[in-house]
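Trainee: This is the structure, below, for whatever I ask next.
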Amino acid sequence: FLLLVFRIMGKRSLSETTTFDFLVLLIISEVTQQAMVDTDNSLTASFILITTLLGLDLVFTLLKGPFKMFDKVVEGAPLIIVDHGKPLKERLDKSKIDEADILQAARTNLGLEKMEQVKYAVLEKDGTISIIPFEKST
């Protein structure tokens, strides 16, 4: 049943899951476990709850397109954490990110070694850090 439901819901890699998707997966695993080992051996109740949760996830996904404010509330918004080589300390503290995380993303993605080479660093909605380097002068 779960395999069928997840095939219908579409393909999405783990790196693309949202916080809500992750919570739905955790709840589904708990519901499935309760149906398999708890005193309530009713698979029907589990099917109904799992279908309801995945339906809610689908509704949220459909609502995020036309209602940008809904998307911002549910998913959050990208956050600039470095501006022209200068880390924005208040935003870093609020997001629980340090400069080492930014430099790691800069090295991994673009081979940059210093914060001064980073024009912007953006904390994306999925938790990844995007780096926009200064343009190289020729």
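The values are calculated or read from the model by the stated rules, or taken from the named source; none is laboratory data. What you are looking at is a predicted structure, and each value in this text was computed from that prediction instead of being measured. Backbone-built Cβ (ideal geometry, glycine too); neighbour counts: all protein chains shown. Only protein heavy atoms, including side chains, enter the accessible area calculation; ligands, DNA and RNA are left aside. Shrake-Rupley method; radii C 1.70, N 1.55, O 1.52, S 1.80 Å.
Trainee: If you roll a 1.4 Å probe over the heavy atoms of the protein chains, what accessible area per residue do you get for the range 23-138, in Å²?
Mentor: Dividing the accessible area of the range 23-138 by its residue count gives 69 Å².
Trainee: Between Phe47 and Asp101, what FRET efficiency comes out of the Förster formula 1/(1 + (r/R0)^6) with R0 = 35 Å and r the beta carbon distance, rounded to 0.05? Intermediate results must be reported in sequence, preceding the final value.
Mentor: Details: r = 41 Å, r/R0 = 1.19.
Given R0 = 35 Å and the Cβ-Cβ separation, E is 0.25.
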